[in-house]
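*Asks:* The structure's right below; bear with me while I get my questions together.
Bear in mind that the values in this text are calculations on the coordinates, not laboratory data. Every value quoted in this text rests on a predicted model; they were computed, and no experiment measured them. Please note: Cβ atoms are built from the backbone with ideal geometry, for glycine as well, and neighbour counts cover all protein chains shown.
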Amino acid sequence: MTDNRMHFINSVTESLAGRLSNLQLEMVADELTKALWDYELVEAKNELIVYEGVNENIVKRYCACLMIEGKSEKTINAYRYTIKSMFDCVQKDYTDIGVYDIRMFLAMEKQRGISNRSLENTRANLSAFFQWMTREEIILKNPCMGIKPIKYTKKVKLPFSSVEIDMLRSACNTNKQRAMVEILLSTGVRVSEFVNIKITDVDFNNLSIHITKGKGDKERTVYMSELAKSHLQKYLLESEHNNGFLFLDRFHHQYKPDNIRKLLNCIADRAKVDNVHPHRFRRTFATTLANRGMDIQEIKVLMGHSDINTTLEYVYTSDNKVQNSYKRYIA
């Protein structure tokens, strides 16, 4: 038996001396000897504390760079969570992490039961982090370069049908609810943008809304329909506005995104429509414009996307539409 195991057994028996008889101490020593026979004990070092400090500092530097680049707080937190989870698992200094460590971490994440899509997001977040360190010449090589993107089955996310939209409209109990539904349908704004719209952001003459708190603090202009304008004006005539936000709850406070989700769920329950959430309104908005012939670049601007590929993911094309287009163009 190695010195470390004997040292451990002696430490335990010495700490119990005076509380147990000599016979009992011998029994404890015997049982520990048998239990540790197939194990190797390694003395704990202080390197882990060093790793934690060094790794924590590099994560802070990276998150600061993301903030300067204009990434949203939600995005930065997602990167931070992924990277810290990897460090907690690997237990190494960031300069010592290799492709095998990343693979092991991803394998353990997979064992936890996360989907391949989430696993690919994890891989991509780690790759971006190590690629940043490579560009900054903090490390020589990105250990994620040897790990291929993880394939996953993309779920078809459907927009609302025209029937579902009519059902949702009919299920609105108040002018405020109807105005909310029409604004979401005609502008395609994110729920985080929706709750931050102020009355002064709305131009009824031009049927436009200025989004001042878009993703990444980007500003843009979106447009509303005449129907949305009509219901919005009805709502404003009957409501009291004290703090400038367009939509206020019953306590005259600004809505939070979760409150909007809950409100939409109530409307959905009455309408008997499944899977109702703010992002589906956004998907319906993009699909409607594309189906009516609007250029995808223009839709990208209205959606507030930086990458046109992101916009394309929002546009749903049915098999019937593809078939009808084929019949039009085929000789």
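*Asks:* Compute the angle between helix 278-291 and the longest alpha-carbon principal axis of the chain, please, reported from 0 to 90 degrees and rounded to the nearest 10.
*Replies:* Once rounded, the angle reads 50 degrees.
*Asks:* Taking the alpha-carbon distance from K34 and a cut-off under 17 Å, which aspartates and glutamates remain once sequence neighbours fewer than 8 residues away in the same chain are dropped?
*Replies:* Straight-distance partners of K34: D3, E26.
*Asks:* Same structure, new question: If we sort 181-189, 205-213, 10-18 on the protection proxy, mean other Cβ atoms within 10 Å, highest first, what's the order?
*Replies:* 181-189, 205-213, 10-18
*Asks:* Mind checking the angle between helix 226-238 and the chain's longest principal axis? C-alpha axes, 0 to 90 degrees, to the nearest 10.
*Replies:* 80
*Asks:* A further question follows. Indicate the gyration tensor shape class of region 47-146 (rounded, prolate or oblate), computed on the Cα atoms with a ≥ b ≥ c the square roots of the eigenvalues: a/c under 1.5 is rounded; otherwise a/b larger than b/c is prolate and the rest oblate.
*Replies:* Rounded.
*Asks:* Now for a different question. What size of dipole, in debye to the nearest 20, comes out for region 255-297 about its Cα centre when the only charges are +1 on Lys and Arg C-beta atoms and -1 on Asp and Glu C-beta atoms?
*Replies:* Approximately 100 debye in magnitude.
*Asks:* Going by how many other Cβ atoms sit within 10 Å of their own, how do W132, W37 line up, fewest first?
*Replies:* Fewest-to-most Cβ neighbours within 10 Å comes out as W37, W132.
*Asks:* Also, quick follow-up: List the pairs from K176/K234; K60/K84; K60/K218; K110/K148; K110/K151; K92/K151 whose alpha-carbon separation is above 18 Å, in the order I gave them.
*Replies:* Long pairs (Cα-Cα over 18 Å): K60/K218; K92/K151.
*Asks:* Moving to a separate point now. Name the shape class, rounded, prolate or oblate, that the alpha-carbon gyration tensor gives for the chain, where a ≥ b ≥ c are the square roots of its eigenvalues, rounded holds for a/c under 1.5, and otherwise prolate holds if a/b is larger than b/c and oblate otherwise.
*Replies:* prolate
*Asks:* Once label points are set 7 Å from the Cα along Cα→Cβ at both K157 and I296, what is their separation, rounded to one decimal in nm?
*Replies:* In this crude label model, K157 to I296 measures out at 1.7 nm.
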